[in-house]
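The values are calculated or read from the model by the stated rules, or taken from the named source; none is laboratory data. In this text the structure is predicted, and so the values were computed from the model without any measurement. Virtual Cβ from ideal backbone geometry, glycine too; neighbours counted across all protein chains shown. Ligands, DNA and RNA are stripped out before the accessible areas are found, and what is left, the full protein with its side chains, is counted by its heavy atoms. Shrake-Rupley method; radii C 1.70, N 1.55, O 1.52, S 1.80 Å.
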Amino acid sequence: MRTKDHTTQRVDFPEPQHVWSAAEGNYHAPYRHCIYDLKAYEPPPDVQSREIDEHVSSVILYVRPGERMSTRKKRLWGKLIALLDNPSVYPERAEIEFSSPWGISLPKDYRTSVVDWALSACNVVLVCVDERPGLAEGEAHRVLAPLQVVFRCREQDVQAWTEYLQPRLKGRHRLHIVHPHIPVGRA
């Protein structure tokens, strides 16, 4: 940052908070490859809603590597987000997820303008670690806010994502690293 005397001050970014995934992991992971852009989630018939409360009545906008965000999608997203303030109307929560159907997800794979748009729409930012992409229990996930943005990656790519995201974050943002759930008894 430049000051009046043209010296550069060091900017310190807050450290991301580390949290554990919900035990069920990423409930919608097995269905990601079937979804084009936007997916509404209701509980599967064989699962009781109390087991997946955080997923019921949610909508997720998927962003794939290299994808552009059209004006039509931005408008649709804006209309859905406007409904979040009314709990009696669908949806109750919304998420923008940056993920690759092929498993590898790095910052350079996504358009900067789309990342910046997602950050402008959400205050809670999650970098979710995937141990086994495509399996619900193999992908970390956590609901920390009614509106959040998720960047999925492998463990070895977490630092690349945090280094990429931190300069883009504003004071209102909270950055979290979501680690895979460790079942009781696992070392």
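For the range 102-139, which positions are in contact with a Phe, Trp or Tyr (Cβ under 9 Å, 6 or more places away or on another chain) and of a type in the set (A, V, I, L, M)? Within the range 102-139, Leu106, Val114, Val115, Ala118, Ala121, Val125, Leu126, Val127, Ala136 qualify. Mind listing whichever residues of the range 67-112 are in a helix (DSSP H, G or I), under 25 Å from Asp130 (Cβ atoms) and touching a residue at least 40 places away in the same chain (Cβ under 8 Å)? Once the filter is applied, which keeps residues that are in a helix (DSSP H, G or I), under 25 Å from Asp130 (Cβ atoms) and touching a residue at least 40 places away in the same chain (Cβ under 8 Å), the range 67-112 yields Trp77, Pro107, Asp109. Being under 16 Å from the mean Cα position of the chain (by Cα) and farther than 18 Å from Lys39 by Cβ is true of Val158. Criterion first (within 19 Å of Leu38 (Cβ to Cβ) and open to solvent by 40 Å² or more (accessible area, probe 1.4 Å)) does Glu131 satisfy it? For Glu131, the condition - within 19 Å of Leu38 (Cβ to Cβ) and open to solvent by 40 Å² or more (accessible area, probe 1.4 Å) - is not met. The lone criterion from (1) within 29 Å of Ala23 (Cβ to Cβ); (2) of a type in the set (Asp, Glu); (3) over 11 Å from the mean Cα position of the chain (by Cα) left unmet by Asp85 is number (1). Looking across the range 57-66, just one residue is part of a strand (DSSP E or B) and either over 16 Å from the mean Cα position of the chain (by Cα) or among the polar types (S, T, N, Q) (or both), and that is Ser58. Among the residues of the range 90-127, those identified as among the hydroxyl-bearing types (Ser, Thr, Tyr) and under 17 Å from Ser58 (Cβ atoms) are Tyr90, Ser99.
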